[in-house]
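J.: Right, I'll just put the structure down here and ask away after.
Please treat every number below as a calculation from the coordinates, not as lab data. Model, not experiment: these values are computed from the prediction. Neighbour counts run over all protein chains shown; Cβ positions are idealised from the backbone, glycine included.
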Amino acid sequence: ETGVTQSPTHLIKTRGQQVTLRCSSQSGHNTVSWYQQALGQGPQFIFQYYREEENGRGNFPPRFSGLQFPNYSSELNVNALELDDSALYLCASSAIQGNTEAFFGQGTRLTVV
Amino acid sequence: GENVEQHPSTLSVQEGDSAVIKCTYSDSASNYFPWYKQELGKGPQLIIDIRSNVGEKKDQRIAVTLNKTAKHFSLHITETQPEDSAVYFCAANRRGYSTLTFGKGTMLLVSP
C-alpha cells in the first residue's frame, strides 16, 4: 500500500451535478497530482498542487478545479458534470515537485448518468 | 508536448517465460521514466523507474532499459508468474514539469 488514500471509492452522479473527490497524500509528501483514467486508457494529467498552489495543468476545462490544504491533502471538484466525465480519478503524491517517484491512491470511480 | 507510445497492447505468455514491453517517447528533454502495474480495481503501483543518466536498472525479476538516442525504453520481466498478470503502463516526465505522460497500457496475461 502507498499510504495515499482517496474517498469515496465509488460515486454515481447525474449529468449537470457537481462532485468533490478527496485525497490524503502519503506522509512527508507535499505535492499532489490528479489524473483521469478512462476505461482502457492510461491516466491523463489534470493538474498538480504544490504547497497549496496549482503548479501545472493539463488539457482540462475550468470546470475541473482543485484545492490543497495545509496538511497537503487535496480535493478535486468537477462542476456541470458530463457523461464523458465518467472515469477513474486518481490522486498521486510525491515528495517534491518535478520528476520524482509518484505514488497513486486506489482511485475514485465516478459514473455520470 | 510529450507523446508516449506503448506496445504491445496485449501480451500473453506461459508461466516461466519472459515478457518485454516497449515504449517510445517524443520529447528529448524527458529524463525520468517510471513503470506502473495496475491490477483490476486498484490504482497504478510504481514497480521500477529509470533516469536518463542510467542505461539499465534491475530489481529481482524486473529490469528496465533506456536508449536515449532512439528515445525508447523497455520493461523486461523474467520467470513470469500468474500474479504478474495486470496492465502495465510506461510513463515519461520532463525535469521541472508537473506531469507524467502515460502510454496506453499493456495487458499482460500469464497462463499457468
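J.: Pick out, in residue order, every one of the GluC sites (Glu not before Pro) in segment A:36-113 that is DSSP loop and has at most 16 other C-beta atoms within 10 Å; say none if there are none.
T.: A:Glu52, A:Glu82, A:Glu101
J.: Another question about this same structure. Once the other residues with Cβ under 12 Å from the Cβ of B:Ser85 are scored (Lys, Arg +1; Asp, Glu -1), what is the net sum?
T.: -3
J.: Looking at this model, which pairs from A:Lys13/B:Lys104; B:Lys37/B:Lys57; B:Lys22/B:Lys71; B:Lys22/B:Lys104 are more than 19 angstrom apart at the alpha-carbon?
T.: Going by Cα-Cα distance, A:Lys13/B:Lys104 fall outside the 19 Å limit.
J.: Give me the dipole magnitude in Debye, nearest 20, for chain B about the Cα centre, with unit charges on the beta carbon: positive for Lys and Arg, negative for Asp and Glu.
T.: It works out to roughly 480 debye.
J.: Additional query: For every other residue with a beta carbon closer than 15 angstrom to the beta carbon of B:Ser30, add +1 if it is Lys or Arg and -1 if Asp or Glu, then tell me the sum.
T.: Net local charge, B:Ser30 excluded: +1.
J.: Separate question: Which whole-Hz ³J(HN,Hα) couplings does segment B:77-89 yield from phi under the Karplus relation 6.51 cos²θ - 1.76 cosθ + 1.60, θ = phi - 60°, glycine and proline marked x?
T.: Per-residue couplings from phi come out as 10, 9, 6, 4, 10, x, 6, 7, 4, 4, 9, 10, 10 Hz.
J.: Take every DSSP beta bridge with both residues inside chain A and express the antiparallel ones as a percent of the total, to the nearest 5.
T.: 90
J.: Can you give the charge dipole size of segment A:19-113 about its Cα centre, rounded to the nearest 20 debye, using +1 on the beta carbon of Lys and Arg and -1 on the beta carbon of Asp and Glu?
T.: 100
J.: Let me ask something else. Rounded if a/c is under 1.5, else prolate if a/b beats b/c, else oblate: with a ≥ b ≥ c from the C-alpha gyration tensor eigenvalues square-rooted, which is chain A?
T.: Because a/c hits 1.5 or more and a/b exceeds b/c, chain A counts as prolate.
J.: Which of B:Thr24, B:Thr101, B:Thr69 moves the most in a Gaussian network model of chain B with Cα springs under 10 Å?
T.: For chain B, modelled as a Gaussian network with Cα springs under 10 Å, the answer is B:Thr69.
J.: I'd like the distance separating the alpha-carbon centroids of segment A:30-99 and segment B:38-112, in whole Å.
T.: Between the Cα centre of segment A:30-99 and that of segment B:38-112, the gap is 22 Å.
J.: What is the sum of charges, Lys and Arg at +1 and Asp and Glu at -1, for the other residues whose Cβ falls under 10 Å from the Cβ of B:Gly1?
T.: -1
J.: Does segment B:25-105 come out rounded, prolate or oblate by the C-alpha gyration tensor, with a ≥ b ≥ c the root eigenvalues, rounded set by a/c under 1.5 and, if not, prolate when a/b is larger than b/c and oblate if not?
T.: oblate
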